[in-house]
Every structure is written in structure tokens, then in C-alpha cells.
Amino acid sequence: MNVSNRHPGPFAAIGLLAAFAFAVVLIVAINGDSAWVYGENMLSDLGISDVQMSADLFNYGCLIVGILVFVYGLGKAACETECNRASGCILAISAIFLILIGYIHSDFGNGNTHDTIAILTFLFLFIAMVLSAIGDWRDGARINTAITVILILIILGCAVGMSIEALEVITVACGIVWLAAISSKMIIPKKA
């Protein structure tokens, strides 16, 4: 029997901080660049914005939040079990790609490198969400399961009828809500 004595509280606080920080970064960066238009521009366009404040905020935000999510993912892997442990590992991989988004901008080379990194970020985030929903269901965390499934369905539903530019924003918003929800779950101690 594997019993973890690690308290997930510090990791949960890091996850909540990452979710809040990334939401603020994106809102401020988008509001700072009047040329950025939802549904027409990719979020990565903020990284090469003509408004230096928006570009710096987006790029450094991806770097810093990526590091926070990486640490959170490793903490989730260390403190959780089974599918939630796998979810933490996959989330940490997604965080590495988020860090790279802040470093390799969309104007790097022909843009294919950045696009591949962005796709991998979202792919690993989506896999982490699915694994988390399965793990939470098995652990009896029905509210978190419901939140995660609803967010997954929103992403899948939007993938059918929206442009990739709009879908990216919706996916990031769902990812932020999901990160806040799973971080909040880790704060509440489990009954033995």
C-alpha cells in the first residue's frame, strides 16, 4: 500500500496562483493591444504585439506561469493517485510547452515551430483534463468531475463550429477554470 504523507496544500496554492496570474496576464495584455481582435488573432499574436507592454507581459507571463504550472503538475503527481497522478505528469509536460511559447514567438522562422509547440501545449492540457476527470470520478470527487467534463464538452463543442483563433481563447479560458478547480480540490483534505 502506497501512502503519501505529502500535504498538497502548497502545491494547490501554486496552482491557484498560476490560474489567477495567467487570467490577469491575458486580460491586461489583450486590453493593452487595441489591434488584437477575438476570433481573428491567435493569443500568440500578443507575443509579437506592436505594443511592447502587451508583448512583454504575454511572453514573460507564459514563462512564469509555465514554471508555476510545471511545479503544480509535479506536486499533483506526487500527492495524488492513479489517473490524477498521470494527469499531473501530463500537465507538467504541457507546462514545458507553455514555457516554450513564451520563448519561441510566432514570428520565429516560418512560424511552424511555434505552431507545433502551441498545438502540443493544448493537446497535453486536454489529455491532462481527461485523465483528471477519470481520476476524480474514481476518487469520488463528483463536483470536480462534473466541472472538468463540462469544460471538456465546451472545448469539443467549440472545436466543431469556431475558428481556431476563437477556439484557442476558449480552450485557455477553460484551462484556467480547470486549473483553479483542481487546485481548490487539493486544498480540502480527504477523509481517511
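Taking the highest mean first, how do the peptides 28-34, 168-174 order by number of other beta carbon atoms within 10 angstrom per residue? Spell out each step's value before the answer.
Working: 28-34: 16.7, 168-174: 18.6.
So the peptides 28-34, 168-174, ranked by packing, come out 168-174, 28-34.
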Post the alpha-carbon centroid distance, segment 80-97 to segment 151-190, in whole angstrom. 16 Å
Per-residue HN-Hα couplings for segment 49-66, Karplus 6.51 cos²θ - 1.76 cosθ + 1.60 at θ = phi - 60°, whole Hz, x for Gly and Pro? 4, 5, 7, 4, 4, 5, 5, 5, 4, 5, 5, 5, x, 4, 5, 5, 5, x
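Nearest 20 debye, what's the magnitude of the dipole of the chain about its Cα centre given +1 on Lys and Arg Cβ and -1 on Asp and Glu Cβ? All intermediate terms of the calculation are to be shown ahead of the outcome.
Details: 8 positive and 13 negative charges, 242 e Å.
Dipole about the Cα centre, nearest 20: 1160 debye.
May I ask you to compute the full-extension gain from Val149 to Phe20, defined as 0.36 nm times their residue separation minus their alpha-carbon distance, rounded to one decimal in nm?
Numbers: separation 129, 0.36 × 129 = 46.44 nm, distance 2.11 nm.
Taking Val149 through Phe20 to full extension adds about 44.3 nm, to one decimal.
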Nearest 10 degrees, 0 to 90: helix 142-161 Cα axis against the chain principal axis: 30 degrees
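Read-outs: derived from the displayed coordinates by stated rules, not from any lab. Note that this is a predicted model, so its numbers are computed, not measured. Cβ coordinates were reconstructed from backbone atoms using ideal geometry, including for glycine residues, and neighbour counts include every protein chain displayed.
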